[in-house]
1. Based on other C-beta atoms within 10 Å, arrange 214, 254 from fewest to most.
2. Length gain on complete extension for the stretch residue 179 to residue 277, per 0.36 nm per residue less the alpha carbon to alpha carbon distance?
3. Rounded to the nearest Å, what's the spacing between the alpha carbon centres of the stretch 104-166 and the stretch 266-288? Just the number, please.
4. In a Gaussian network model over the chain where Cα atoms closer than 10 Å are linked, find which of 204, 33, 51 has the largest mean-square fluctuation.
5. Can you pull the one-decimal nm distance between simple spin-label points at residue 234 and residue 298, each 7 Å off the Cα toward Cβ?
6. For the chain, modelled as a GNM with alpha-carbon contacts under 10 angstrom, which of 307, 54, 72 fluctuates the most?
7. If you average the sequence gap of Cα pairs under 8 Å that are 6 or more apart and divide by the length of the stretch 138-212, what percent do you get for the contact order?
8. Which entry in (i) 54, 45, 40; (ii) 55, 53, 40; (iii) 74, 49, 37 matches Cα extents along the principal axes in Å derived from the coordinates of this structure?
């Protein structure tokens, strides 16, 4: 008999974990889990797997494969057991790997050459490095955690080869900042949308808050009212290399950010009770409609941090708002375009 458990991701969206268990004389001899975005899909998968496992010899074949499964199974187990901790982006990258031939290979058969070939088959981009880094996380724990014979040295060797070949490298620093004219176009666009439809995502508040608070998209949609304390907020699990889970940081708020928080209705435990997908889609769609080229939502954070320096804030003062731990991480924001506050006369400086 299978079960379906509802979980909530960091952005608040639900996921459905379907689990199939096979018992013999009251003892569990085999179990499988899969996570889905829709409950109907979870139910359909669970029913299909239960039927398949009842076929003669099916359980024996599956149990023998459990000790050396294809890579896709290792990915599924890793994502299922760590989904809340690894974050939405990493989970999506790992799931996308399942679309490549390497995912069908048995764990024991995967060599460094196979990994090199897999990475070279991915369209070259800064994200290519992420594919290998996320894959390496699975190779590191697969054998001690689940007994899957993935060779952690194989992925380490592949990393060296790919770096020497120039296939993977650090992406260039992004310095794109929105202009006041671009922001005016966006805000006027969102004003019209919100006037026409009730209950639409209030991007006229999300966009200014992103700038003035310097918060990342996933942080904005997870901040709770209980994390708001007058002129600061507690950012839970703040992004940081190798230290995200449990990395809770109190960050100061600018007066403008405080005003936008107070303008939000208390209809949910979260201040901005939306999903990252909805925010991203709305912003990207608006830029496309308005012909605003190469502007990402994350560029709003970049602009907000740069603004602090342009206003004459010191490194510690800027870091107290952004949450950065070191000058090394902050220095890329200090390329000043001007002095003073470019938002001093902005129409949407306050809600």
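Readers should treat all values here as calculations from the given coordinates under stated rules, not as data from a laboratory. Bear in mind the structure is a predicted one, so any value in this text is a computation, not a measurement. Every residue, glycine as well, gets a Cβ built from its backbone with ideal geometry; the counts of neighbours run over all protein chains shown.
1. Ranked by crowding around the Cβ, least crowded first: 254, 214.
2. Fully extending the segment from residue 179 to residue 277 adds 32.9 nm.
3. A separation of 34 Å, based on Cα centres.
4. 51
5. 2.7 nm
6. Largest GNM mean-square fluctuation: 54.
7. 14 percent.
8. (iii)
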